[in-house]
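*Asks:* Below: one structure in structure tokens.
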Amino acid sequence: MTAPLASLDIHPLRNDLYNELHSRPFQVLPTPARVTQIAVLTTPEQRRQQFHHLQSLHRRLGYPEPEQETGCFEHTFGSLRVRREMHMEFASYTFINLAASDQAPFAETGLTPLPEGWLEQLAGTVVAAFHLEIRPSANGTDGDLNYVRRHFEGLRLVGSSPQEGAARVWGTFRLHSDGFGRFMVMNRHMSDSQLGRLTQRLMEIETYRLMSLLALPVAREITPALNEMDQKLAIITQTLADNQDVDEPALLAQLTGIASRIEAFRAHTTFRFSATRAYHRLVLSRLEALREDELSGHLTLTEFMTRRLTPAVKTCESVSDRLEDLSRRVDRASDMMRTRVELAIQSQNQQLLTSMDRRSKIQLMMQHTVEGFSVVAITYYLIGLLKLGLDSVYQAGFDFNKSLVLGVAIPVVMVLVFLGVRVVHHHFIRMAKRQ
């Protein structure tokens, strides 16, 4: 029987879209277990190096190498489970030590079963690195704060009872003497799958918390420059508002310099600030999924994050909003400056047109004067020609009064020349109007 979809046009990404929701399954963790997670910022070249590095782990432990890289890779090497997840800008490695142990918490970690020297060759920049100890709750151990504090080096604890008291979670959100952070989960009656989901959320909270804070040093770094540009822009705007005589080219140069610095800051920080907002939302969603109950005398994870992380994120958002506001203000100041320049140019053009009109009138008066002189000059030359003609006729034997004829001819010739000049003048005026 032919499949019903065989004759239809199937989108090439259909299978990928179905598999996307299953690409990062939750862990299934027994109790006890020791987990270590490391998150490293990566470049495309470092990602290729990390895949080769992962292949070398298989060779050293005597397992077949993976041939193709995937977004979420997981493999169990006896008592060691390794999980590698690729994210937009970082890769996370989760090492789970499933071997039985009677050692104290954090004496052995998820890194203990790794071959010596393998982790040191991992490419990338480490952002998050922490151990997570999973222990069963027995004989009141989870309530013995003295026991818990001994394994957190006396640092102040943050703890809660998530999932309606099914477990107790302790942490400090600080680095310890080994350079790692620490969490302890005391399992009361969680199944392996529930424990895996809880552990996954804790690891994501810690990793995304640190990733969201990457923008804070950037925000602090550019804040003094923003203060300086804000003051300069305020002075420029006040100068324009006071209608003072200003050097427009100099002010335009200052505005251009401020605008270029703002755009450089935006290009440098836009991705980082946007990522901070995204990571912060992920942290809040993971905290909400914990459904925490308070442990007497201790901040819950949600309270700690709300009090410490949220202000840092708000600082980054404030700097980002300030960059956008400065950009808009520079645009408005530039518009005002361009308006002033355009008005000045229009005033100069008006003065130039007035001057040209005045010069045109003067030229017209001069033209009329020249026309009067030209009428006299043409009349003079025509009368001279007429006199030569009259002399020739008189010498031919015709008797007449030459002086009288010339005297009568002078006004007649002058009138005819004047009328001819006017006809030519009006002819050119009509030609100019038609053009």
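The values are calculated or read from the model by the stated rules, or taken from the named source; none is laboratory data. Because the structure is predicted, anything quoted here is derived from the model rather than measured. Don't worry about glycine lacking a Cβ; one is built from the backbone with ideal geometry, like all the others, and counts go over all protein chains shown.
*Asks:* Please tell me if GLU45 is of a type in the set (Asp, Glu), closer than 23 Å to ILE205 by Cα and modelled with pLDDT of 90 or more.
*Replies:* no
*Asks:* Only one of LEU29, LEU54, LEU98, LEU61 is within 26 Å of GLN194 (Cβ to Cβ) and touching a Pro at 6+ places or on another chain (Cβ under 9 Å). Can you tell me which?
*Replies:* On the way: LEU29 fails: touching a Pro at 6+ places or on another chain (Cβ under 9 Å); LEU54 fails: within 26 Å of GLN194 (Cβ to Cβ); LEU61 fails: within 26 Å of GLN194 (Cβ to Cβ).
Criteria check complete, one pass: LEU98.
*Asks:* Looking at segment 226-247, can you tell me whether even one residue there is in contact (Cβ under 8 Å) with a residue 40 or more places away in the chain, over 30 Å from ALA344 (Cβ atoms) and assigned to a helix (DSSP H, G or I)?
*Replies:* Yes, segment 226-247 has at least one match.
*Asks:* Considering only segment 292-308, how many residues are assigned to a helix (DSSP H, G or I) and either touching a Phe, Trp or Tyr at 6+ places or on another chain (Cβ under 6 Å) or of a type in the set (A, V, I, L, M, F, W, C) (or both)? Walk me through how you get there before you give the answer.
*Replies:* Taking segment 292-308 as the starting set, the residues that turn out to be assigned to a helix (DSSP H, G or I) are 301-308.
Subset that is either touching a Phe, Trp or Tyr at 6+ places or on another chain (Cβ under 6 Å) or of a type in the set (A, V, I, L, M, F, W, C) (or both): 301, 304-305.
Counting residues in segment 292-308 that are assigned to a helix (DSSP H, G or I) and either touching a Phe, Trp or Tyr at 6+ places or on another chain (Cβ under 6 Å) or of a type in the set (A, V, I, L, M, F, W, C) (or both) gives 3.
*Asks:* Look at SER355 and say whether it is under 41 Å from the mean Cα position of the chain (by Cα) and loosely packed, with under 12 Cβ neighbours inside 10 Å.
*Replies:* So SER355 fails the test.
*Asks:* Between a first residue in segment 64-83 that is under 15 Å from ASN19 (Cβ atoms) and a second residue that is part of a loop (DSSP other than H, G, I, E, B), which pairs have beta carbons less than 7 Å apart while being 6 or more apart in sequence or on different chains?
*Replies:* Final answer for the pair search is GLY71/SER23; CYS72/SER23; CYS72/ARG24; PHE73/PRO66.
*Asks:* For the structure I just gave you, tell me whether GLU342 is in the same structural domain as THR256 (by TED's automatic domain parsing), surrounded by fewer than 14 Cβ atoms within 10 Å (Cβ to Cβ), in a helix (DSSP H, G or I) and at pLDDT 80 or above.
*Replies:* Taking the combined requirement at face value, the residue does not satisfy it.
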